[in-house]
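Visitor: This structure is in structure tokens; I'll ask about it shortly.
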Amino acid sequence: MSQILDRINKPNDIKNIEPKYYERLAGEIRRFLINKVSKSGGHFASNLGVIELTMALHLHLDFPKDKLIWDVGHQAYAHKLLTGRKEGFNSLRRYNGMAGFPKMEESDCDAFNVGHSSTSISVALGYARARDINNENYKVYAVIGDGALSGGMAFEALNNLARLKSNLVVVLNDNKMSISENVGGMANYLGKIRTAEKYFTLKTRIKRAIRKIPYGGKFIVERISRSKNSIKRLVIPGMLFEDMGLTYIGPIDGHDINQLMYAFKSASHAKGPVIVHVVTRKGKGYKLAEKNPTKYHGIDSNASRAEKDKNNGENVDYTTAFANKLIDIAKDNEKVVAVSAAMLSGTGLNKFGALYPKRLFDVGIAEEHAVTFAAGMAAGGLTPVVAIYSTFFQRAYDQILHDICISKHHVVLAIDRAGIVGPDGDTHQGIYDTAFLRTIPNLTLMAPKNHRELDAMLEYAINEYNGPIAIRYPKGKVYTGLEEYQAPIEHGKAEILYEEKEIMLVAFGSMNTVAYEVREMLKADGHRVSLVNLRFATHIDFDTLKDLSVKHRLLVVLEENVYTGGIGQEVMARMHQDRINIECMSVALPDKFIEHGQREFLLKKYGLDTESVYRRIKDVMDK
């Protein structure tokens, strides 16, 4: 039997598929994605849950003329498939291959580059305004999840959306595990009536006619409107949106293509913004993902899983090490509380919550709120630890600066996934936090060389230090080298691991691993090499660096962060300023957005692997 999917090779080909084959096509897409993503790795459950929804959108919209904006974008695999990128799945999330998120550079059917949450409504509103000002004619649709809708930016956009007088459709993808048939059926029925084109025309005519009644027409219209809204509140779950001036349709079964198409057609007839609420099942079609959508939100490639199996759990990752130590500290310190923004599992805090449920706070996708909320708890006498990925801490920069650091509140920022993270690409690389956090007064930023130092830094940050403090650590298994070096943590004090002459390697955090390996290679060549674990990216220990500099010819600063605003830039400037006679080299990432690809490959490409650093130093020393 031939595949229906084989007939889809370019945008809008789905419109040539007969309706009787829609269900079969959905099954083929589901099997295709399960097969491809299980090999390449990528976002899994979120994509399986929106296949019928994506098909309905593609049947309704005309690509690339119409604009479809995905929120976050990790659920856009079916969209990519339906726009003719089938072959791209063979290189999904690999270097120079197809991105795991929508990319305007990849296809003109991708209306916007995304990767962070709660942005789609703002983007869609911008598109709609541009369309209207330019007197153009195209549909604008945004797809946002119920989790993303919790983000403050989404509500800011909704507040502005109500002022739009032309059509824009926001599809609220609610992937809860069940749907209420009674409420859903009634609301769906009323939604169809209220959004039908004839209804809008009839409602307008009736209002005009009643208003013309002398001595009380306006009063009658007002009383009818009040009564109508009171009744709607009893049976329609979308009155929040209605009260904001938005038309609401739903809930609708997000796996029923006919219902979805009817809703989209009705929504497009409205003269203003419309919310279409659809209920989907995350991981649909794959039983394990349906039962545990969090676990199957994203999966590794076969190769990655094989490597994990081979290790057999011998090495924990930094996230697990952080969570274990936090639990250990919390046993004796009842003031310790933990905060995260919809990433309890990703940051390891689910383990903390299992033991201390009243001391764990998941605020949803709201990083800004998480940070200011933590500042309030610190002001109230608690010691909050805020664990968020580096890429998402970017969203809370103002709150870190204004709400924590100005008042010197004792908040601990645990920066997970710092540095190159790999396949998720430019929107997720954690390569800017060192630069943007170093500029904030009163904030201390540290990074450990290995798992033992992570434990020591957490202990110091929570129980010894009193002020704003951050610890950054990478994705992946912990480094177990250099464990014999465990000097106590002193504020702003570097740790000298090896003191010799000629070459001085100064490493921050994860780059201690590379620095140690480079040192071994240089030693084999007969060079004398010192190694300094910097520990602090703020309050840099220049006294130690300057004292050591008189014995060395070359100073090399290694950091897994962009160059501008980084440690290397400041060290070189300070050495020049203080007229220290030593040649300096910075090993850092370029000032650019780093594309998707495997972490090890990207580190090598941009010169942060052991061999590349060794060659650069050898070139200088051989001159």
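Visitor: Take the range 345-364 and flag every residue that is in a loop (DSSP other than H, G, I, E, B) and either among the polar types (S, T, N, Q) or open to solvent by 40 Å² or more (accessible area, probe 1.4 Å) (or both).
Guide: Let us first name the residues in the range 345-364 that are in a loop (DSSP other than H, G, I, E, B), namely 348, 356, 363-364.
Selection gives 356 alone.
Visitor: While we're looking at this one, here's another question. Can you find even one residue in the range 497-515 that is assigned to a loop (DSSP other than H, G, I, E, B) and surrounded by fewer than 16 Cβ atoms within 10 Å (Cβ to Cβ)? Show your work before the answer.
Guide: Looking only at the range 497-515, we keep the residues that are assigned to a loop (DSSP other than H, G, I, E, B), and these are 499-501, 508-510.
Those still in the list that are surrounded by fewer than 16 Cβ atoms within 10 Å (Cβ to Cβ) too: 499, 501.
Yes - at least one qualifying residue is present in the range 497-515.
Visitor: When residues of the range 346-380 are filtered for being hydroxyl-bearing (Ser, Thr, Tyr) and farther than 24 Å from residue 449 by Cα, how many remain? Working first, answer last.
Guide: Narrowing the range 346-380 to residues hydroxyl-bearing (Ser, Thr, Tyr): 347, 356, 372.
Next, only the ones that are farther than 24 Å from residue 449 by Cα stay: 356, 372.
Residues meeting the conditions: 2.
Visitor: Filter the range 85-127 down to the residues that are of a type in the set (D, E, K, R) and free of Cβ contacts under 8 Å to residues at least 60 places away in the same chain and list them by number. Before you say what the answer is, go through the steps one by one.
Guide: So in the range 85-127, the residues of a type in the set (D, E, K, R) come out as 85-87, 93-94, 103, 105-106, 108, 110.
Hits for the range 85-127 are 85, 87, 103, 105, 106, 108, 110.
Yes or no, residue by residue, for (1) closer than 27 Å to residue 99 by Cβ; (2) surrounded by 16 or more Cβ atoms within 10 Å (Cβ to Cβ); (3) at pLDDT 90 or above; (4) not basic (Lys, Arg):
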residue	(1), (2), (3), (4)
128	yes, yes, yes, yes
143	yes, yes, yes, yes
175	yes, yes, no, yes
182	no, no, no, yes
187	no, yes, no, yes
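Visitor: Assess whether residue 400 counts as being outside any helix (DSSP H, G or I), modelled with pLDDT of 95 or more and under 24 Å from the mean Cα position of the chain (by Cα). It would help to see each step written out before you state the result.
Guide: Details: outside any helix (DSSP H, G or I): no; modelled with pLDDT of 95 or more: yes; under 24 Å from the mean Cα position of the chain (by Cα): yes.
So residue 400 does not fit the description; no.
Visitor: Hey, could you check the range 73-121 for residues that are touching a strand residue (DSSP E or B) at 6+ places or on another chain (Cβ under 9 Å) and open to solvent by 20 Å² or more (accessible area, probe 1.4 Å) and say which is farthest from residue 148 (Cα to Cα)?
Guide: 93
Visitor: Looking at the range 573-613 only, could you name the residues that are open to solvent by less than 50 Å² (accessible area, probe 1.4 Å), in contact with a Leu (Cβ under 8 Å, 6 or more places away or on another chain) and under 14 Å from residue 549 (Cβ atoms)?
Guide: Selection gives 575, 582, 584, 585.
Visitor: Residues to consider are 420, 469; find the one that is hydrophobic (A, V, I, L, M, F, W, C), over 16 Å from residue 493 (Cα atoms), open to solvent by less than 40 Å² (accessible area, probe 1.4 Å) and within 23 Å of the chain's Cα centre (by Cα).
Guide: Details: 469 fails: over 16 Å from residue 493 (Cα atoms).
The match here is 420.
Visitor: Here's another thing I want to ask about it. Starting from the range 596-614, keep only residues that are β-branched (Val, Ile, Thr), then list their pairs with residues that are outside any helix (DSSP H, G or I) and buried (at least 16 other Cβ atoms within 10 Å of the Cβ) whose Cβ atoms are within a distance under 9 Å, requiring at least 6 positions of separation or different chains.
Guide: Partner pairs satisfying both residue conditions: 613/505; 613/556; 613/558; 613/587.
Visitor: Right, another one. If residue 64 meets every condition in (1) of a type outside the set (S, T, N, Q); (2) outside any helix (DSSP H, G or I); (3) over 26 Å from residue 278 (Cα atoms) apart from one, which number is that one?
Guide: Among (1) of a type outside the set (S, T, N, Q); (2) outside any helix (DSSP H, G or I); (3) over 26 Å from residue 278 (Cα atoms), residue 64 violates only (3).
Visitor: With the requirement that a residue be farther than 20 Å from residue 619 by Cα and assigned to a helix (DSSP H, G or I), what does the range 550-589 give you?
Guide: 567, 569, 570, 571, 573, 574, 575, 576, 577
Visitor: Okay, next question. Identify, from the list 25, 61, 57, the residue that is of a type in the set (A, V, I, L, M, F, W, C), over 30 Å from residue 118 (Cβ atoms) and surrounded by 20 or more Cβ atoms within 10 Å (Cβ to Cβ).
Guide: Numbers: 61 fails: over 30 Å from residue 118 (Cβ atoms); 57 fails: over 30 Å from residue 118 (Cβ atoms).
Being of a type in the set (A, V, I, L, M, F, W, C), over 30 Å from residue 118 (Cβ atoms) and surrounded by 20 or more Cβ atoms within 10 Å (Cβ to Cβ) holds for just one of 25, 61, 57, which is 25.
Visitor: Give the range 332-350 a look and list any residue that's out of contact with any strand residue (DSSP E or B) (no Cβ under 6 Å at 6 or more places or on another chain), at negative phi and in contact (Cβ under 8 Å) with a residue 40 or more places away in the chain, or say none.
Guide: Pass one, the range 332-350, residues out of contact with any strand residue (DSSP E or B) (no Cβ under 6 Å at 6 or more places or on another chain): 332-334, 342-343, 345-346, 348, 350.
Subsequent filtering for residues that are at negative phi retains 332-334, 343, 345-346, 350.
Answer for the range 332-350, where residues must be out of contact with any strand residue (DSSP E or B) (no Cβ under 6 Å at 6 or more places or on another chain), at negative phi and in contact (Cβ under 8 Å) with a residue 40 or more places away in the chain: 333, 343, 345, 346.
Visitor: Yes or no: residue 29 more than 23 Å from the chain's Cα centre (by Cα) and in contact (Cβ under 8 Å) with a residue 24 or more places away in the chain?
Guide: Working: more than 23 Å from the chain's Cα centre (by Cα): yes; in contact (Cβ under 8 Å) with a residue 24 or more places away in the chain: yes.
When the stated conditions are applied, residue 29 passes them.
Visitor: Of the numbered conditions (1) open to solvent by 10 Å² or more (accessible area, probe 1.4 Å); (2) outside any helix (DSSP H, G or I), residue 414 fails exactly one; give the number of that condition.
Guide: (1)
Visitor: Here's a follow-up. If you check 424, 455, which single one turns out to be under 21 Å from residue 341 (Cβ atoms) and either among the hydrophobic types (A, V, I, L, M, F, W, C) or in contact with a Lys or Arg (Cβ under 9 Å, 6 or more places away or on another chain) (or both)?
Guide: Result of the check over 424, 455: 424.
Visitor: Let me ask something additional. Looking at the range 537-569 only, could you name the residues that are hydrophobic (A, V, I, L, M, F, W, C) and open to solvent by 70 Å² or more (accessible area, probe 1.4 Å)? Break it down stepwise before answering.
Guide: The first filter runs over the range 537-569 and keeps only residues hydrophobic (A, V, I, L, M, F, W, C), leaving 537, 540, 542, 545, 548, 550, 554-558, 562, 567.
The answer is 550, and nothing else.
Visitor: Taking residue 160, is it polar (S, T, N, Q) and modelled with pLDDT under 95? Explain how you work it out, then say what you get.
Guide: Numbers: polar (S, T, N, Q): yes; modelled with pLDDT under 95: yes.
When the stated conditions are applied, residue 160 passes them.
The values are calculated or read from the model by the stated rules, or taken from the named source; none is laboratory data. No experiment lies behind these values; they were computed from the predicted model shown. Note that each Cβ is placed from the backbone with ideal geometry, even for glycine, and that neighbours are counted across all protein chains shown. Just the protein is used for accessible areas: all its heavy atoms, side chains included, with ligands, DNA and RNA removed. Shrake-Rupley method; radii C 1.70, N 1.55, O 1.52, S 1.80 Å.
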